[in-house]
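Some notes on the structure that comes next.
The values are calculated or read from the model by the stated rules, or taken from the named source; none is laboratory data. Owing to the predicted nature of the structure, the values given are computational and were not obtained by experimental measurement. Positions of Cβ are backbone-derived with ideal geometry, glycine not excepted, and every protein chain shown enters the neighbour counts.
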Amino acid sequence: MDRIIVAGGNRLQGEVEASGSKNSCLALLAASILAEGPSIIENVPDLRDVDAMLELLRALGLDATRDADDPSTVNIEPRGALQPEAPYDVVRKMRASFMVLGPLLARVGHARVSEPGGCAIGVRPVDQHLKGLAALGAKIGLEHGYVEAAATRLDGARFRFDMVTVNGTQNIMMAATLARGETVIENAAREPEVVELAEFLCRMGADVRGAGSDRIVVNGVSTLRGVRHRVSGDRIEAGTLLLAGVATQGDVTVRGVDPADMESTLDKIREVGAEVEVGAGFVRAGIAQRAKGIQVVTAPIPGFPTDMQAQFMAALTVAEGSSLVTETVFENRFMHVPELQRLGADITLSGRSAHVRGVPQLSGAPVMATDLRASAGLLVAGLAATGETVVNRVYHIDRGYERIEEKLSRLGGNIRRERE
């Protein structure tokens, strides 16, 4: 098993390129099930989660392979009848695998998908997905750990989510593209990944309107075609790299990302005292002194993203003054706090809030990654600490960050990966 070793104390500065968005890529790969012809997806990151989704597509009867000359390009091609079952051994690795349910049901008329696994950051019920599909006319059953759904053809309907859910919005939106008539999705997620999926579906021949708002309208069509698409830059990876710069009083530029996708993150980075610059395809944050303590409350877009909470908390541990970080999306997303405390962070938990009192310096120590974003937060903290920080169980970080130690090293971080 690999671990990442960080010798902190270096000021990060320079430029790096963002990888393709993990969250967008997973939805686009699921959407390729809807096409009757081949699709080509470019700028696909080399991640555990992406590999799991490619494995799942192959299990469903698609040819899904990375290009031999350019591994960031994935070719997806039907090779016969689709298999309607998404097996537990694959789906358990990643919650986003559940997004194949809607496309499979729409294409095949029935689907059997294992209930999902993934990071243990809190309850993420799939009931919203199932309610939406039932509203479109699917008969839903649960048996032996599998969700079974059937419908000769889905029918358009009006459906309102009880809570905002990105994957739920994407699942229902994909299913509705091949349904009869009009589907209106209310209380829809507004994340950039939803917008990118809608654009991808429209290029396939779907009629999707309103993505980016809380009301999406889908007019069903009879068939969809395969397309070529380039995945957008990863806004969460870009934010993580900027915060590593903030924590080390550095100056970091990330290219290959749309600043419009990062507004709430950039607003908070400005609030801590950093100078933020944006332009066509890049973001930059520079700060020459300790950051200032602030309040951070996670919320669905347009709020501050929960996927940036751990990294921001790590940067605030060495800020001047006190900060309050409140997590409203996942009830169990403070598992990184005990590990930050091992590095000398002064954090007190109270329900869904963390009171962070900034300290002048953290001190390196062995820590354990508990989930994907927590592991990134520990790297940020380790870069700001004195001495050596050893981050164990980094398979979590490999689920969502493509060779992050190499990018941090290019920015001046003293960081390396080694096998235990």
In the stretch 59-74, residues that are more than 14 Å from LEU26 (Cβ to Cβ) and within 22 Å of the chain's Cα centre (by Cα) total 5
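So that you can scan it fast, the table gives a plain yes or no per residue for (1) surrounded by 16 or more Cβ atoms within 10 Å (Cβ to Cβ); (2) closer than 18 Å to VAL6 by Cβ:
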site	(1), (2)
ALA314	yes, yes
THR317	yes, yes
VAL329	yes, no
VAL337	yes, no
THR348	no, no
ARG352	yes, no
PRO360	no, no
PRO366	no, yes
Please indicate, with yes or no, whether at least one residue in the stretch 16-23 is in a loop (DSSP other than H, G, I, E, B), among the hydroxyl-bearing types (Ser, Thr, Tyr), crowded, with 17+ Cβ neighbours inside 10 Å and touching a residue at least 60 places away in the same chain (Cβ under 8 Å).
yes
Please go through (1) farther than 30 Å from ALA280 by Cβ; (2) touching a residue at least 60 places away in the same chain (Cβ under 8 Å); (3) out of contact with any helix residue (DSSP H, G or I) (no Cβ under 7 Å at 6 or more places or on another chain) for MET94 and return the number of the only condition it doesn't satisfy.
(3)
Is there any pair linking a residue in the stretch 62-85 that is more than 13 Å from ARG228 (Cβ to Cβ) to one that is assigned to a loop (DSSP other than H, G, I, E, B) and of a type in the set (S, T, N, Q), with Cβ under 6 Å and at least six apart or on different chains, and which?
SER72/ASN43
Name, by its number, the condition in (1) in a helix (DSSP H, G or I); (2) modelled with pLDDT of 95 or more that does not hold for HIS396.
(2)
Listing of strands (runs of 3 or more DSSP E) fully contained in the stretch 258-335 that carry 3 or more residues being among the aromatic types (Phe, Trp, Tyr) and either free of Cβ contacts under 8 Å to residues at least 24 places away in the same chain or not assigned by TED's automatic domain parsing to the domain that holds GLY9 (or both)
none
Output the number of residues of the stretch 70-95 satisfying the condition of being assigned to a loop (DSSP other than H, G, I, E, B) and at pLDDT 95 or above.
4
Look through GLU402, GLU388, GLU418 and report the one residue that is under 24 Å from GLY250 (Cα atoms) and surrounded by fewer than 17 Cβ atoms within 10 Å (Cβ to Cβ).
GLU388
